[in-house]
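A short write-up of the structure that comes next.
The values are calculated or read from the model by the stated rules, or taken from the named source; none is laboratory data. Predicted model, so just to flag it, every value in this text is computed and none were measured. Positions of Cβ are backbone-derived with ideal geometry, glycine not excepted, and every protein chain shown enters the neighbour counts.
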Amino acid sequence: MEASKSHLYKAFARWTSASYRHAPWVLFLMLLIAAACTVYISRNLGMNTDTTDMLSEDLPFRAHIKHYNKIFPQDMNNLLLVLEAPTPEQAYVTADRLATLLKKDAINFYDVYPANIDPFFEKNGLLYKDIPELERITDRLATAQPLIARIAKDPSLQNFASVLSEAIGELRKGRNLDLTPVLNGMSTTVEAKLTDIPRVLSWEILFHGDPQKKKYRELIIVKPRLNYTQIFPAEQSILAIHAAAKDAGLMDNSPIRIRITGEAALADEELRSSINGMEYAGILTFLMVVIVLYCAMRAAGMVLAVLLCLTLGLILTATFATVAIGHLNVISIAFAVLYIGLGADFAIHFLLRYHEILETNLPVEKVTYKAGGEAGSALTACTIVNAIGFYAFIPTHYSGVAELGIISGTGMLISLLVTLTIGPALLRYLPKKSIKELTVKKSLGGVLESLLRWRKLTYSLTLLALFSTVVMLPKVRFDYNLFNMQDPTGQAIQTFRELISVVDNSPWHAIMVAKNRKEAERLTQQFRALPEVNKVVTIIDFVPTQQEEKIFLIEEMAAITGPITLSIWPPIKSKHTSAQQRNALNELSAALDQFIEKQPDHSASESVRTLKKSLIQLFTRLDTVSSNDGNILLDSLESDLLTMLPIALQHLRTSSEAVIFNEQDLPVSLSNRWHSQTGEYRIAIYPKEDINDNEKLRKFVRSIQQVAPQATGAPIISLEAGEAVVQAFIEAFSLSLVGILIALLLILRSVKYTLLVMIPLLLSSAFTGAFTVLLDVPFNFANIIALPLLLGIGIDSSLHMVHRSRNNDLISGTLMHSSTARAIFYSALTALVDFASLMFSSHQGTASMGILLTVGLTFTLICTLLILPTILKIPTQNNKTISHL
Amino acid sequence: MRIAFQIKAVMHVLIMTTVLMFTAVSYSWSQSLSINNPRQIVEHLQDTLLKSMQEGSQLDYQGRFDLLAPVIDRSHDLNYIAHVILGGHWIKLDTQQQHVFIEAFRKLSIGTYAGWFKSYNNERFEFLEQRDIPRDQVLVRSQLIQENGDTIGFDYILRQEKGAWRITNTLANGVSDLALKRSEYRSILEKKGFPSLLEMLFEKIALIKKK
């Protein structure tokens, strides 16, 4: 037996012994190297957070978006500020104020574009309404005019109430007035005042006769100066926005709310959530790993040894990464996770083997020699196979994964060297006693062994599982939606989802660049014909049709409303005592009563009744509080009811000045976004359905690409990138598998054993895939990285098992009780707790990776420790054969 | 003898000149009245209204009507007002209906004035200001001062068509007449139809006549 040991065995055996002998030097040297490398890494290792950069530039969709961003740079890396207020006037004024403040800050922002807020639209806004709507508005204004003319003269609560009383009297006498909007408006405002959520009355909405919505939105699109030297590139800009918001009056308790979303904010938020996840997971993982290792080794010293090997290996691998590539990206940073999972494997195998041999009571040097040789040759096989598996990722289009492949593949080699260099050196300083508690050993081995007895059951269960798996495999899917990977409670992602779901003007739309106007018109027509498309917008749409007819209507409106804002301007609010105010309200209440009595079935009766109820509530409150509080309440109510009136009137006056215009008259900030200096036209194509759903996204994107293959925009990029990634992985995996097969054939020199190694791997992959369907955890950009790791560990485990059983060098009688089996178990368990902690991350992508890895590892364990031995027909302890020496 | 003849000739010339001048002045005065002076249009209207009040006792309704009719026809753009009141419905009427409507509306408008301004109590109109407002319109603000000092604000909006300024809207104490009429007439037109609208107009005219 001894004579047939290979060169590899001898080489490793000698190396290990040498390391053991010169332990202090080895350790010292390693310490120096570690220190030097750490310094080097901290100075030179960068981080490339640009996720789009990770896919090959040759991919067509990348060329399209590059072209687009060059011509229309407004969409790239922007921030969307969403302002919401209870009235449109407040939203408008606040957005205007905020935009003005931000425009002054050239340090943090390239461009600030408040989408609807421009004197041009204030003036010409009415031209964008259609003719029936303009008529409706004119009617409303005609009805409201007499009322408003009198209220506007003296915007006090007392006057308001008395004018309203009179109007109700007129209504009761049969005059045709539409008071419903005003009555409802007053009720809502009064009732809101009495709760803790006061609501200012929007006169602009009253003028238009619409019911007042809960909130009105204004958007500001901001292009921030991103600072890529920081971890969170947009952080500074976002802080600047919050500071400006405070200056614009958006305090914490203001009814107006600002939320920030957009590409740059989403990226920052994602990074934040994934780092948060990591910190928590990191500590937990560390603890769990230590616990598991302790269970495996039963000696603190050994645990320490494993950890030291891991740490050194990580440092060296990171150094290699710095030298070879220079930076990490969001994918390749996962090498650390991979390394811990696989590196621990190496150390555990070696150390447990060492102790197994130690029990045979050979002299220490011989133990070291033997352990080194055996572990070395086993681990080499694993290293080569794993390395090939990882290096196979290099030729893909997905550079993120390619870099991961380079780093991890080399990491394997480093791990082998480190384990077999430091390991023996450390062993010199560890207690030499063998692992006590044979009971523990026995129990694990015993459990495993007993499971072996149910061979037939195992076979049948396996076949059953395989069958159901094959059925489920077609349902495996990839989730292209990047948003699903983020922490769903994040403000940016929630806001963005809200904006997308309001299908009109969703920020997630497709974009096409047309070379000239003719092409723009042609494409617009074609896009409009598609069933998945809701609307198509080009600069042409910003010039409304039928302007002449509309101008005539606006003239009518101006004639009808007359100079409301000019009768006395600024209005003089008369001062009234609370008693006077209360009197006026009482009169109003009386008028309401009279109305209900005389005209119970009038169309306005319901609003009258509602207002009456609100007034009763108001009176009750006034009666229960002190007179001072009552004064405050009434004054505050007056302010809620009437503050927006002057602004609404001003806006009405401005909008009556509309003039006919054409494309050249549009504000430059708008036209530049739709018609470039080079003469190209931007076409925005909005989806009909909520394309948060993957199937709908795909349909939308594909139908657009049929019309225009060069179309771009976030939905298209998302889909194309996803498909590129999937493609890249499929290529990589195929290459990987082929490479591994060849490597196995060369190492094992036997087709039978190669197959035996591959079967558990294939089985566990299939089961894992099927389980993702069961758990409804689709593959996505994040967890697809888990697959190489599962590949690595899967190969490792089955290779160890096959290698060990083949060499038949059984010391404790059966394979199941061997150190190999234990090593496989504990190393997989270590990896399992390593990844299980990821499941609790708030970053959905990381969490799904955790789930996938946990499930995958569990299946690997089952397949390697249960199914494989069954197939190997390993004799159990009860059926000891003569082969036992 | 010769001197007398010369004096006669000179007198003749003087008289002719004076008459011509007067004619010219009054002609140019009436021209300027219709071309570029919203204020004058309003004041002329108001003068006529006062006259109607002063002679109210002597004149009956029809008398006042005839007195006011030409002034109102000239100073108000009744066609435009009718169009604005009905809005989009105007085009839906055929020419004959439009004609009938304008006639009825005219009678009602003039009749309303005739009905209000029928007795005099030392009221007077006072011009406040004239200013330009959006959409090429002009606003003339004035007030009616009553004997006891109370005032009623009368604001007029004028619009220029073919060089002539005419009133399109009157606001009494800020309340737009056009707004009131639009609300009322359109509502009847939409709910009950054109014939009912005409009926309403005739009823109102009849009511005024009776007072």
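Scan region A:734-754 and tell me whether some residue there is under 19 Å from the mean Cα position of the chain (by Cα) and modelled with pLDDT under 85. No, because not a single residue in region A:734-754 is under 19 Å from the mean Cα position of the chain (by Cα) and modelled with pLDDT under 85. Here are some conditions: (1) under 23 Å from A:I65 (Cβ atoms); (2) crowded, with 16+ Cβ neighbours inside 10 Å; (3) of a type outside the set (A, V, I, L, M); (4) modelled with pLDDT of 90 or more. A:R522 meets all but one. Which one does it not meet? Only one criterion is unmet by A:R522, namely (2). Going through (1) surrounded by 21 or more Cβ atoms within 10 Å (Cβ to Cβ); (2) touching a residue at least 60 places away in the same chain (Cβ under 8 Å); (3) under 30 Å from A:G409 (Cα atoms) one by one, A:V757 falls short only on (2). Considered as a group, the residues in region A:534-564 that are under 50 Å from the mean Cα position of the chain (by Cα) and of a type in the set (S, T, Y) include one that is nearest to the other protein chains (Cβ to nearest Cβ), and that residue is A:T545.
Of the helices (runs of 4 or more DSSP H) lying entirely inside region B:72-129, those containing at least 3 residues that are at pLDDT 90 or above and more than 22 Å from A:A558 (Cα to Cα) span B:95-116. Determine whether region A:559-576 contains at least one residue that is at pLDDT 90 or above and among the aromatic types (F, W, Y). Within region A:559-576, not a single residue is at pLDDT 90 or above and among the aromatic types (F, W, Y).
Of the residues making up region B:108-133, those that are under 19 Å from B:Y80 (Cα atoms) and out of contact with any helix residue (DSSP H, G or I) (no Cβ under 6 Å at 6 or more places or on another chain) are B:S109, B:T112, B:I133. Checked against (1) among the hydrophobic types (A, V, I, L, M, F, W, C); (2) more than 14 Å from chain B (Cβ to nearest Cβ); (3) out of contact with any helix residue (DSSP H, G or I) (no Cβ under 6 Å at 6 or more places or on another chain), A:V659 passes all but a single condition, namely (2). The residues on offer are B:I110, B:I145, and the sole one that is within 27 Å of B:S57 (Cβ to Cβ), free of Cβ contacts under 8 Å to residues at least 24 places away in the same chain and away from every other protein chain (no Cβ under 12 Å) is B:I145.
Of the residues making up region A:470-498, those that are within 30 Å of A:I71 (Cβ to Cβ), out of contact with any Asp or Glu (no Cβ under 8 Å at 6 or more places or on another chain) and modelled with pLDDT of 85 or more are A:T495, A:F496, A:R497, A:E498.
Within region A:571-611, being among the basic types (K, R), under 54 Å from the mean Cα position of the chain (by Cα) and within 20 Å of A:S639 (Cα to Cα) holds for one residue alone: A:K573. The residue of region B:161-183 that is modelled with the lowest pLDDT, among those that are under 17 Å from A:A558 (Cβ atoms) and more than 10 Å from every other protein chain (Cβ to nearest Cβ), is B:E161.
The condition of being facing chain A (nearest Cβ under 7 Å), modelled with pLDDT of 90 or more and out of contact with any His (no Cβ under 9 Å at 6 or more places or on another chain) does not hold for B:L158. Of the candidates A:R528, A:R517, A:R522, the single residue that is closer than 18 Å to A:L666 by Cα and away from every other protein chain (no Cβ under 14 Å) is A:R517.
B:K191 meets all of the listed conditions (1) more than 10 Å from every other protein chain (Cβ to nearest Cβ); (2) within 24 Å of B:W90 (Cα to Cα); (3) of a type in the set (K, R) but one, namely (1). Any residue at all in region B:105-124 that's acidic (D, E), farther than 30 Å from B:G149 by Cα and surrounded by fewer than 19 Cβ atoms within 10 Å (Cβ to Cβ)? There is no residue in region B:105-124 that is acidic (D, E), farther than 30 Å from B:G149 by Cα and surrounded by fewer than 19 Cβ atoms within 10 Å (Cβ to Cβ).
Those helices (runs of 4 or more DSSP H) of region A:809-879 in which 1 or more residues are at pLDDT 80 or above and buried (at least 24 other Cβ atoms within 10 Å of the Cβ) occupy A:819-836, A:844-862. A:A3 satisfies every condition listed in (1) within 37 Å of the chain's Cα centre (by Cα); (2) at pLDDT below 80; (3) in a helix (DSSP H, G or I) except (1).
Given the condition surrounded by 16 or more Cβ atoms within 10 Å (Cβ to Cβ), outside any helix (DSSP H, G or I) and touching a Gly at 6+ places or on another chain (Cβ under 6 Å), answer yes or no: does some residue in region A:480-493 qualify? Within region A:480-493, one or more residues are surrounded by 16 or more Cβ atoms within 10 Å (Cβ to Cβ), outside any helix (DSSP H, G or I) and touching a Gly at 6+ places or on another chain (Cβ under 6 Å). Exactly one residue out of A:V726, A:V707 is surrounded by fewer than 20 Cβ atoms within 10 Å (Cβ to Cβ) and either at pLDDT 90 or above or not aliphatic (A, V, I, L, M) (or both): that is A:V707.
Among the residues here, B:I152 qualifies as free of Cβ contacts under 8 Å to residues at least 40 places away in the same chain, more than 9 Å from every other protein chain (Cβ to nearest Cβ) and under 24 Å from B:Y61 (Cα atoms). Of all positions in region A:391-409, none carries a residue that is assigned to a helix (DSSP H, G or I), under 18 Å from A:Y826 (Cα atoms), at pLDDT 85 or above and of a type outside the set (F, W, Y). In the set (1) more than 25 Å from the chain's Cα centre (by Cα); (2) at negative phi, A:G679 fails one condition alone, (2). Restricting to region A:617-634, and then to whatever is assigned to a helix (DSSP H, G or I) and free of Cβ contacts under 8 Å to residues at least 24 places away in the same chain, can you tell me which residue is nearest to the chain's Cα centre (by Cα)? Per the criteria, the residue is A:I632.
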